[in-house]
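The values are calculated or read from the model by the stated rules, or taken from the named source; none is laboratory data. Model, not experiment: these values are computed from the prediction. Note that we place each Cβ from the backbone using ideal geometry, even for glycine, and neighbour counts take in every protein chain shown. Remember, those area values only see protein heavy atoms, side chains included, never the ligands or the DNA or RNA. Shrake-Rupley method; radii C 1.70, N 1.55, O 1.52, S 1.80 Å.
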Amino acid sequence: MSTAVRVRLAPSPTGNLHVGTARTALFNYLFAQHFNGTFILRVEDTDKERSEAQYTQNIFDGLKALGLNWQEGSDVGGSFGPYTQSEREDLYTKYAHELLEKGLAYWDYTSPEELDALRERATAQKKPFIYRNDLDADAQAEKAKSGIAPSLRFRIPRDVDTVTVHDLVRGDVEFDASLIGDLVILKSDGGAAYNFACVVDDHLMQISHILRGEDHLPNTPKQILLYNAFGWDVPAFAHLGMILAPDRSKLSKRHGATAVDTFMNEDGYLPEAFVNFLALLGWSAPGEEEIMSLDRLAELFTLDRVGHSGAIFDREKLNWVNGQYIRALSETELLERIKPFVADYDLSVYTQEQLEQIVHITKEPLVKLTDARHDWRYFFGDDVERNTQIVEEVLQNETAQTLLELMISAWLPDLDLSSLETAQAGVKRLTKELASDHKTKTVMWTLRAALTGRVQGADLATTLTLLGKERIAVRLKSALATVHA
Ligand code: GLU
């Protein structure tokens, strides 16, 4: 690429970091990395009513957690700052007046009520609402007396028929210029409108490529006309297909979480797994690879492998990717990652080595870190909770009574839990000797139901060593008590 690659994410801080914005951030980040370019973070807070500092913070935190660091931006500065639009108002006013002086923009005194009426009339006539004010100078002067605070509008050139967006993902997209209304560039309160501030900033910040969601495609012809009016170079555009729910509707809260921090902090998806999954939403590697680090993704990322149709947000796939990353972590590392999700459990009852054993024997089926909350429950507390189904189906019968009595009187006293091997021998002694006239499965289910409240779970011998004889005794006795309950 001949010119320096400079790309930006330009979020509006009107909500927490959404998966769609995170995916746009990722593609910008990867594109910049691939070409040794610069990734810029610009905060578009022109909507003063809805913008909040807490959302800016949430967006920054989320992007950083995903590893999508930027080189220039609101918080880190850079040579093209400030990078927050509310700190750039003077620039917008200056450039808006430049258009006014060139005769390419005009003050519009039409009141919001008049605009509403025009909009309603267009709707009633089933016509698109295209507002263009072509009043002559006298009529305009008369309107100016109304005392209404005017907005400044960019006059869409009347001699342009078509605006073509050369999109790097979807090819040339043509727009009929006659369907574009004159664009508000300064609102009646003096604040800059999105399409205008965006163009001024992208030009001044020397943005080379604009990668953003397809929902912005209708803005692009308007922005191109603004670049042309100033005589500025138009950056390259790439509009990414939207992220869709499995029913192909727009992904929204009704399909579950859409805020990135919920996925990581509440569900327990690993950030590195989540970002890997996001990369596969609308992009695919040239080969079969699916599990890729950010560096590897950056190496492989090109726009020609980005799809223009919507990408389905497939939770099964996310779970699979997360599972791959979970199993690739060491026990020590995974323990640290799990800790915040099991804060209700008193981990101090175990040594570091024992905690890593718990991780070791529960790691395989773990899909999300939060699953540990359920999977680890029986390692904590003296007794264990058993659900009614387990009690009724496994424990409330004569066989279970016999087996539990046998375990308490003949098995437990001689059970040696000093090592994994002796614990394994203990399990064998129970199934092959003491209770050999019962099916192994029945014996194991009874023992597991008594000790863990479940019939399946982590490696039994290790579980015995972790629970220790005292707790085993408590649980066998409480299980026996439920037989006739
Ligand atoms: N502030 C816009 C948004 O959050 C940015 C659009 C753009 O990338 O130009 O959707």
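Relative to the present Cα-Cα distance, how much length would full extension add between Asn228 and Ile312 at 0.36 nm per residue of separation? Could you put the intermediate results ahead of the total?
Numbers: separation 84, 0.36 × 84 = 30.24 nm, distance 3.64 nm.
Difference between extended and current length: 26.6 nm.
With the Cα gyration tensor of the chain in hand, give its eigenvalues times 5 under a square root as the equivalent ellipsoid semi-axes, listed largest first in whole angstrom.
Numbers: eigenvalues 842, 106, 73 Å².
So the three semi-axes of the chain are 65, 23, 19 Å.
Were the residues from Ala410 through Ser111 laid out at 0.36 nm apart, the gain over their Cα-Cα distance would be 98.5 nm. Taking every DSSP bridge with both residues inside the chain, close to 55 percent are antiparallel.
Which FRET efficiency value, to the nearest 0.05, do you get for Glu398 and Ser478 by plugging their Cβ-Cβ distance into 1/(1 + (r/R0)^6) with R0 = 25 Å?
Working: r = 19 Å, r/R0 = 0.74.
Computed FRET efficiency for Glu398 and Ser478 comes out at 0.85.
Taking a sphere under 15 Å around the Cβ of Gln396 and counting the other residues whose Cβ falls inside, with K and R at +1 and D and E at -1, yields a net charge of -3.
The trypsin sites (Lys or Arg not before Pro) of the range 202-294 that DSSP puts in a loop, and whose beta carbon has at most 12 other beta carbons within 10 Å, are Arg248. Rg and Dmax over the alpha-carbon atoms of the range 366-420 stand at 15.2, 40 Å.
What part of the accessible area of the chain, given as a whole %, is carbon or sulfur when the probe is 1.4 angstrom?
Working: 11280 of 22900 Å².
Carbon plus sulfur share of accessible area: 49 percent.
Remark on the range 353-444: Rg and Dmax equal 15.5, 41 Å (Cα only). Residue-normalised convex hull volume from the C-alpha trace of the range 1-134: 191 Å³ per residue.
Kyte-Doolittle mean at least -0.5 and Cα extent at least 24 Å along the axis: which DSSP H helices of the chain qualify? Please report the intermediate quantities before stating the final value.
On the way: long enough: 460-483 (26 Å, 0.78).
Qualifying helices: 460-483.
With a cut-off of 16 Å on the backbone N, the residues of the range 172-206 near the modelled label site 7 Å out from Leu118 along Cα-Cβ are 178-188.
Could you work out the local net charge near Ser478, counting Lys and Arg as +1, Asp and Glu as -1, over the other residues with Cβ closer than 11 Å to its Cβ? Before the final figure, lay out each step's value.
Working: positive: Arg386, Arg471, Arg475, Lys477; negative: Asp382, Asp383, Glu385.
Local charge sum for Ser478: +1.
Can you list the lysines whose alpha carbon is less than 18 Å from that of Lys428, not counting same-chain residues fewer than 8 positions off? Those lysines meeting the cut-off are Lys439, Lys441, Lys469. Taking the alpha carbon gyration tensor of the range 240-356, multiplying each eigenvalue by 5 and rooting it gives semi-axes of 32, 19, 9 Å, largest first. Available extension along the chain between Asp304 and Ala53 is 86.7 nm, counting 0.36 nm per residue and deducting the alpha carbon span.
Calculate, for Asp261 and Asp344, the FRET efficiency according to 1/(1 + (r/R0)^6) with r their C-beta to C-beta distance and R0 25 Å; round to the nearest 0.05. Walk me through the numbers before you get to the answer.
Values: r = 20 Å, r/R0 = 0.81.
FRET efficiency, Asp261 to Asp344: 0.75.
For the range 236-367, a crude dipole built from +1 on the beta carbon of Lys and Arg and -1 on the beta carbon of Asp and Glu, taken about the Cα centre, is about 680 debye to the nearest 20.
Just the number please: accessible area per residue for the range 375-424, 1.4 Å probe, all protein chains included, in Å².
Values: 2670 Å² over 50 residues.
That works out to 53 Å² per residue.
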